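Encoded as structure tokens, the structure appears first; notes follow it.
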Amino acid sequence: MTIQTRFSNLITATSGLPLWDIPVRESENILVVPTLGMIVPNWLLFIPKRHSFNFGSQSQALAGELTNSIQQVCGKIGYDDYVVFEHGASEVGSVVGCGVDHSHVHVVFGTEQTIAPLWDALAKDLAVPTVGQDLRTTLEELPARASYYMAWRRGVAAIETSPRNPISQRFRRVIASHWGCPEKWDYKSHAFIENIVATREKFDRSAPLAA
């Protein structure tokens, strides 16, 4: 059965895409686009081309490709820190997955001064024990059949599995509150186009990345 998702056109189309769906980078199995609702600048989505509801259902090889892609992008746009997170859904229309129905990993890039407190806010909201492990291992060990919320930064992961009280766009709500605009968490009504444009310009000004 073919599932139409929020990213179906993005993955197959070659033209006619809105600004936030035009990739800034593409590797063999991953597309990178600015997020619609970019509350903070330099917020990108890393989207597997093969459909699954969460990244835990993707191959372990893709975990390596994603890790390399994130590191390359970080160097390309000139930052030294980033935080990674995912709303890992497990079924169509899941509240955990914000109704997108296709796996995608969020990455916000920045300086330590901006990313460290953002990580603290995400980890505090998850309120689960953290685990010391690298990003690739974290991605490889995500559950394939259960819903989860995952956040990672600098060798530390926080993962809440089978959430008892799932909340749509949970991390967006946390980031909006942290950034001082708690009422603007919903990407459907608050696009933050100015941040999308500024982030795209960082890629336009720098040399192409190797695929």
With percent of Cα pairs over 32 Å apart as the read-out, I listed (1) 31; (2) 8; (3) 17; which label goes with the value calculated from this structure?
(2)
Under the Karplus relation with 6.51, -1.76 and 1.60 and θ = phi - 60°, whole-Hz ³J(HN,Hα) for the stretch 10-18, x at Gly and Pro, equal 4, 6, 9, 6, 10, 7, x, 8, x
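Hand me the GluC sites (Glu not before Pro) from the stretch 85-177 located in a DSSP loop with no more than 16 other Cβ atoms within 10 Å, in residue order please. Please list the in-between numbers first.
Details: sites: Glu86, Glu91, Glu112, Glu140, Glu141, Glu160; in loops: Glu91, Glu141.
Answer in residue order: Glu91, Glu141.
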Amide H contacts under 5 Å for Asn54, placed H, 5+ residues apart
Ser103
Tell me the mean residue ellipticity at 222 nm calculated for the chain from its helices only (DSSP H runs of n ≥ 4, each -39500 (n - 2.57), averaged over every residue, nearest 500).
-9000 deg cm²/dmol
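Subtract the Cα-Cα distance of Ala61 and Ala146 from 0.36 nm times their separation in residues, and report this length gain in nm to one decimal. Mind showing how you got there, number by number?
Values: separation 85, 0.36 × 85 = 30.60 nm, distance 2.03 nm.
Taking Ala61 through Ala146 to full extension adds about 28.6 nm, to one decimal.
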Under the Karplus curve 6.51 cos²θ - 1.76 cosθ + 1.60, θ = phi - 60°, whole-Hz ³J(HN,Hα) for the stretch 25-35, x wherever Gly or Pro sits:
7, 9, 10, 4, 10, 9, 10, 10, 9, x, 7
Return P(r) of the stretch 134-211 (all Cα-Cα pairs; 10 Å bins starting at 0; whole %; ordered from short to long distances).
14, 30, 36, 20, 1
Whole-Hz Karplus couplings 3J(HN,Hα) for the stretch 171-186, θ = phi - 60° and coefficients 6.51, -1.76, 1.60, Gly and Pro as x, run 6, 5, 4, 5, 5, 4, 5, 4, 8, x, 9, x, 7, 10, 7, 7
In straight Cα distance, which lysines are under 24 Å from Lys184, not counting same-chain residues fewer than 8 positions off?
Lys124
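State which stretch of the chain is the longest one without any exposed trypsin sites (Lys or Arg not before Pro), exposure meaning a DSSP loop state and at most 11 other Cβ atoms within 10 Å. Provide the component values of the computation, followed by the final result.
Working: sites that count: Arg145, Arg164, Lys188, Arg205.
Counting only loop sites that pass the neighbour cut-off, the longest clear stretch is 1-144.
Between beta-carbons, use under 12 Å as the cut-off and find the net charge around Ser27, counting Lys and Arg +1, Asp and Glu -1. All intermediate terms of the calculation are to be shown ahead of the outcome.
Details: positive: Arg25, Lys49; negative: Glu26, Glu28, Glu65.
Net charge in that neighbourhood comes out at -1.
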Most positive-pole-ward Cα, Val131, Cys181, Pro48, against dipole of the stretch 19-204 from beta carbon charges:
Cys181
For a quick check: with amide H placed at 1.01 Å from N, whose amide H comes under 5 Å from Ser147's, ignoring anything fewer than 5 positions away on the same chain?
Ser162
Only four residue types carry charge here, +1 at the Cβ of Lys and Arg and -1 at the Cβ of Asp and Glu. Report the dipole size of the chain about the Cα centre in Debye, rounded to the nearest 20.
220
Length gained if Ser15 through Glu201 is fully extended, taking 0.36 nm per residue and subtracting the Cα-Cα distance, is 65.0 nm
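Gain in length, Lys188 to Thr111, computed as 0.36 nm per residue apart minus the alpha-carbon separation, to one decimal in nm?
Values: separation 77, 0.36 × 77 = 27.72 nm, distance 2.75 nm.
Taking 0.36 nm per residue and subtracting the Cα distance, the gain is 25.0 nm.
Values quoted throughout were computed directly from the atomic coordinates according to the rules given, and no laboratory measurement underlies them. Remember, it's a predicted structure, so these values are computed and weren't measured experimentally. Note that we place each Cβ from the backbone using ideal geometry, even for glycine, and neighbour counts take in every protein chain shown.
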